[in-house]
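First up is the structure itself, then whatever we jot down about it.
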Amino acid sequence: MVANPLPLGRLRSRYEDDFTQLRQNFERTGDGSATIRRRSQIVGALLCELWSQLVPGSAQNEIAVVATGGFGRRELFPCSDVDVLFLCANEKVEPAYGDSIRACTQAMWDIGLRASPATRTLRECERVHPDNLEFTVSLLDRRFLAGSRALYAKFETDLLPVVILREWDTIVQNLAEMARARHAKYGNTIFHVEPNVKECPGGLRDYHLAQWLTLLNSMREEKAWPRAAADDFYGTHDEPESAYDFLSAVRCFLHYRAGRDDNTLDWHAQDEAAARSIGLETRGTSDPAYWMRTWYRQARTVYRRASLLIDAVPPPRRSFYKQFRRKRTPVPGTDFFLEDGRLDLAEGARVHDGDSILQIFGLMAKHGYRLSHSTEDRIADALPVLAVQMPEGPFLWNCLREVLLGPWAAHALRTMHALGILELLIPEFHGIDALVIRDTWHRYTVDEHTFHVIDNVHRLRQPQHDWEKRLAGLLPELDRPDLFFLSLLMHDTGKARRNGSHASASVELSESLFARLELDADEREVVRRVIHNHLEMSAAMRRDIFDTETVRAFAEKVATPSQLKMLTLMTYADIGAVSPEALTPWKAESLWQLYMSASNFLDRSVDEIRYHAAADPAFFSRITALIPALPAAPSAASGRPPAASAVHTEELRSFLEGLPQRYLNTRSPEQIASQFRLAQALRDQPIQVAFRPLRQLNEITLVTPDRPGLFADVAGVLSAWGMNIVKADAFSNAAGIIVDTFQFTDTYQTLELNVSEVERFLQNIRDALTHKVSVDHLMRSRNHKPARPRVAVDTRLEFDNDASSHSTLLQIVTQDTPGLLREIALSFTAARCNITVALIDTEGEAAIDVFYLTKGGLKLDDAAQSSLSASLVHRLAQLRS
Amino acid sequence: MQKIEAVIQPSKLDAVKDALLEAGIEGMTILEARGHGRQKGHTEFYRGREYTVDLLPKIKIEMVVRDEMADQAIQAIVSSARTGKIGDGKIFISKIDDAIRIRNDERGPSAL
């Protein structure tokens with residue numbers, strides 16, 4: 001029923017003029033909100049004129065033209081589609097107006113509008129299709145344009161509220177589900193290097209989602225459309241209003257720039273937007289990094305609002321567990337309550353205590369709890385007070401450890417970062433806040449990348465693929481996981497300094513944090529080395545990983561098995577955090593291959609590389625500086641004592657000469673100095689034993705002249721006292737002085753609960769080594785019947801006469817059992833084998849021990865190996881029976 | 001037009017890419033691959049367990065070039081990927097009937 005031919009030329013010309021002027025206004029003012037409202041006006045007027053030309057007034061009783069979606073919201077971006085609904089009273093009306101609808105749509109295209117029309121009857125609008133929820137959601141933003149007002153009123157007042165309230169659960173659940181899927185697609189983060197203004201978390205889609213959920217919640221309460229007029233409702237932006245204005249300006253800019261509906265803010269677009277200060281209050285030229293930080297701040301506001309509303313969506317089914325979770329439970333020792341997985345600050349409680357705030361983040365890291373919206377606001381408001389209340393020293397380190405070690409560490413750290421707490425504790429982190437590094441690989445900003453790295457390591461607790469399972473095995477073997485995670489947190493802070501090596505800069509920045517946390521020298525050195533070397537494994541993987549020279553060069557940089565494990569896990573997590581596609585199974589397998597090769601190299605080359613003082617004067621000086629001057633005997637010639645410094649320098653040189661390089665790599669200068677003092681004291685007491693309690697283990701160090709059976713005797717005494725040896729190493733220098741270290745768990749807490757027993761324990765060791773007591777007698781007095789193992793480990797022995805030029809390497813993998821080490825050592829003694837190096841390790845129920853052996857000063861020949869092998873197999877079998 | 005498929009050592013990728021660019025070859029596809037020739041893989045013992053890598057990690061580079069560029073491309077690959085050791089890789093050449101640019105339906109060598 002087309003009334004008159006359409007004046008398309010005039011309409012097109014008018015639209016083009018309006019569009020040009022609109023663009024010029026935007027270029028001048030940068031006001032995105034005004035631009036999209038004005039375009040809505042222009043297109044609305046145009047459509048009304050089109051429709052009135054096509055359908056005379058008297059014939060419009062049974063059809064209405066309705067703006068929906070962005071057009072309905074009066075938010076028509078420069079190149080967005082125009083969503084229009086042709087609403088028909090019933091099925092008979094639709095064919096009657098078919099030609100008009102077609103003509104109208106065609107005219108829109110001819111004029112230059114991208115029409116997105118839909119035709120529905122009233123009855124069809126009553127049905128909600130879960131597969132086409134977008135249509136129902138678009139009706140939330142409906143607006144009358146032309147046609148029958150009566151029909152529209154019936155639709156808006158009588159039909160739509162009933163449909164929405166009836167299908168409320170379906171609509172809300174599906175909205176939340178679609179949002180979660182979209183967020184997951186974008187890594188659940190706003191910190192993309194090249195974000196999509198519309199779809200990314202924190203983008204316009206999230207802004208609209210928040211509007212829809214707020215509207216739907218309000219409808220549920222009032223059982224009708226909200227009393228506020230549509231404009232007023234959408235006008236109550238409050239805090240997100242500036243974010244909305246900013247996002248609108250950016251999207252307008254992108255549309256004009258590309259000439260189409262392109263919403264990707266790539267680097268070039270960022271540069272241009274910054275140059276033109278798009279979205280900023282002050283016009284001028286802005287630095288792209290500063291401009292992007294504004295983007296992330298605005299996106300964070302929008303994302304936070306949307307996330308809180310999504311979280312508040314009621315679950316689909318009421319379960320007993322979920323009802324249980326809804327119960328409001330106080331968190332002991334704090335003013336917080338836990339309800340439905342969210343931590344809420346009690347009404348009237350003040351946020352003034354840094355200690356309890358940090359405890360809350362520890363809970364978040366452990367359980368994955370979230371903070372309620374109001375609690376987040378109150379913490380953010382209290383930042384100036386908290387800034388002067390934040391703890392330092394061991395308490396701070398304990399709190400930070402709780403956060404870092406929790407499986408939800410990244411989640412807790414992100415919240416701390418968003419609220420400004422993280423930068424209060426670690427100001428060094430400020431430099432990488434929303435920092436964009438422009439390269440073709442990194443998908444996220446540096447801070448977000450750091451949180452992903454931490455997350456990737458924690459996710460190894462539940463490995464999915466084979467290559468993840470292998471790497472996951474390294475996690476429980478870490479000596480100091482807390483220090484490892486601290487390294488991850490700090491490893492890229494150096495990127496804030498744009499020049500030089502960021503690894504070195506990160507180490508420098510970490511020094512002040514070490515001081516605030518009051519970490520000791522050993523702890524600092526662990527973190528320093530991990531951060532300093534964190535790129536070495538990736539660099540080695542770009543070479544031939546099957547070439548022994550590549551493995552050797554890499555292993556020498558890493559130096560110790562402990563560092564190697566940390567670096568392997570860090571490299572895995574770091575690559576995976578660059579982008580979701582970066583860590584392929586191919587790359588993961590190469591990583592594992594390099595790890596194995598380097599680990600074997602570190603174990604098998606121990607005997608080859610020995611220390612010679614002349615080779616490293618700097619290191620030698622560092623140790624000498626720690627040794628206090630000692631009195632020395634007068635010189636026979638002069639009658640005067642030689643200079644103390646000359647005396648202990650020579651003695652130190654003699655002590656270190658011939659010790660494996662591994663000894664120096666695994667001890668700090670302070671520890672070496674301490675063990676040198678023990679060696680000096682051998683003059684007075686030929687057996688020196690030192691005890692050191694560590695965080696979760698204990699350690700004894702034995703320094704004494706070497707003799708057969710020494711290792712077996714010490715192992716026996718430890719076993720007799722109920723100690724479980726988890727690590728040990730035994731080294732000897734060129735002068736035949738051994739330095740053996742045993743790390744063990746005190747199964748019965750004997751030493752921890754009875755301080756006086758420490759001296760008796762040490763005396764027992766001395767007496768055993770001087771044969772004043774029998775080790776066999778000590779061991780018989782204990783009940784050492786081995787418990788049934790949970791995991792059976794077969795015994796494997798592997799001899800290697802090529803690993804060292806002067807020793808035979810023997811690797812033993814067997815079931816860890818009390819008394820095991822003693823039995824192995826007794827086998828060696830019985831076979832007249834001398835241990836030159838021992839490396840003891842325990843992995844769950846498996847003991848993995850590596851020994852470098854000689855017999856008569858030479859490697860073991862085939863016959864000796866065969867005999868020793870038979871003896872070991874027999875002894876180990878007897879031990880287990 | 002000819003298709004060149006080269007299986008090389010991963011550590012040689014950067015050198016080969018640079019050599020190809022220098023030779024005027026700009027379009028190529030890089031794939032992570034696994035394979036072995038006569039050397040039949042690698043075995044490593046770690047903590048009492050044997051890990052056998054039957055299929056070693058390799059990189060496969062594919063490109064389609066005009067006939068007159070083929071020799072240059074092959075020479076660039078050979079000279080930059082060679083180490084002289086077993087495992088250097090192989091190059092395969094095949095004829096291409098046609099090439100089409102998706103964006104604008106351009107066909108033939110000009111679509112390369």
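Structural remarks
- Taken over region A:582-597, the criterion of being facing another protein chain (nearest Cβ under 9 Å) and assigned to a loop (DSSP other than H, G, I, E, B) is satisfied by A:Thr584 alone.
- Residue satisfying all of: in region A:412-466; of a type in the set (S, T, N, Q) and closer than 23 Å to A:Thr571 by Cα; surrounded by the fewest Cβ atoms within 10 Å (Cβ to Cβ) among these: A:Thr440
- Taking region B:18-48 as the range and being buried (at least 16 other Cβ atoms within 10 Å of the Cβ), of a type outside the set (Lys, Arg), within 14 Å of another protein chain (Cβ to nearest Cβ) and part of a loop (DSSP other than H, G, I, E, B) as the test, only B:Gly48 passes.
- The one condition in (1) free of Cβ contacts under 8 Å to residues at least 24 places away in the same chain; (2) surrounded by 21 or more Cβ atoms within 10 Å (Cβ to Cβ) that A:Tyr207 fails to fulfil: (1)
- As for region A:487-503, it holds at least one residue that is more than 14 Å from chain B (Cβ to nearest Cβ), within 15 Å of A:Thr568 (Cα to Cα), of a type outside the set (S, T, N, Q) and in a helix (DSSP H, G or I).
Conditions (1) in contact (Cβ under 8 Å) with a residue 60 or more places away in the chain; (2) in a helix (DSSP H, G or I); (3) of a type in the set (Lys, Arg); (4) not assigned by TED's automatic domain parsing to the domain that holds A:Arg12, marked per residue:
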{"position": "A:Phe86", "(1), (2), (3), (4)": "no, no, no, no"}
{"position": "A:Pro95", "(1), (2), (3), (4)": "no, yes, no, no"}
{"position": "A:Ser100", "(1), (2), (3), (4)": "yes, yes, no, no"}
{"position": "A:Thr105", "(1), (2), (3), (4)": "no, yes, no, no"}
{"position": "A:Met108", "(1), (2), (3), (4)": "yes, yes, no, no"}
{"position": "A:Leu113", "(1), (2), (3), (4)": "yes, no, no, no"}
{"position": "A:Pro117", "(1), (2), (3), (4)": "no, no, no, no"}
{"position": "A:Asp131", "(1), (2), (3), (4)": "no, yes, no, no"}
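- In region A:518-554, the residues that are more than 21 Å from the chain's Cα centre (by Cα) and surrounded by 23 or more Cβ atoms within 10 Å (Cβ to Cβ): A:Ala540, A:Ile545, A:Val551, A:Phe554
- Cβ pairs under 7 Å, 6+ apart, first in region A:804-826 and away from every other protein chain (no Cβ under 14 Å), second crowded, with 24+ Cβ neighbours inside 10 Å and part of a helix (DSSP H, G or I): A:Pro818/A:Ser719; A:Gly819/A:Ser719; A:Leu821/A:Ala715; A:Arg822/A:Ala715; A:Arg822/A:Gly716; A:Arg822/A:Ser719; A:Ala825/A:Phe711; A:Ala825/A:Ala715
- Scanning region A:744-761 for residues that are of a type outside the set (Asp, Glu) and surrounded by fewer than 18 Cβ atoms within 10 Å (Cβ to Cβ) returns A:Thr745, A:Thr747, A:Tyr748, A:Gln749, A:Thr750, A:Leu753, A:Asn754, A:Val755, A:Ser756, A:Val758, A:Arg760.
- Number of residues in region A:28-40 that are in contact (Cβ under 8 Å) with a residue 24 or more places away in the chain and out of contact with any Leu (no Cβ under 9 Å at 6 or more places or on another chain): the value is 2.
- In region A:136-153 there is at least one residue matching the filter, namely being more than 22 Å from A:Cys48 (Cα to Cα) and either over 25 Å from the mean Cα position of the chain (by Cα) or part of a loop (DSSP other than H, G, I, E, B) (or both).
- Test for A:Leu509: is it modelled with pLDDT of 90 or more and under 19 Å from the mean Cα position of the chain (by Cα): no
- Residues of region A:136-183 that are of a type in the set (Gly, Ala, Ser) and in contact (Cβ under 8 Å) with a residue 24 or more places away in the chain: A:Ser138, A:Ala146, A:Gly147, A:Ser148, A:Ala150, A:Ala176, A:Ala179.
- Answer from A:Leu47, A:Leu6, A:Leu76, A:Leu11 - the residue that is touching a Leu at 6+ places or on another chain (Cβ under 6 Å) and either buried (at least 17 other Cβ atoms within 10 Å of the Cβ) or of a type in the set (Phe, Trp, Tyr) (or both): A:Leu47
- Among the criteria (1) surrounded by fewer than 20 Cβ atoms within 10 Å (Cβ to Cβ); (2) over 30 Å from A:Val813 (Cα atoms); (3) in contact with a helix residue (DSSP H, G or I) (Cβ under 7 Å, 6 or more places away or on another chain); (4) within 14 Å of chain A (Cβ to nearest Cβ), the one B:Tyr51 does not fulfil is (2).
- Any hit, region A:557-575, residues being part of a helix (DSSP H, G or I), more than 22 Å from the chain's Cα centre (by Cα) and within 13 Å of chain B (Cβ to nearest Cβ): yes
The values are calculated or read from the model by the stated rules, or taken from the named source; none is laboratory data. Computed from a prediction, not measured in an experiment: that's the story for all the values here. FYI the Cβ positions are ideal-geometry reconstructions off the backbone, even for glycines, and counts take in every protein chain you see.
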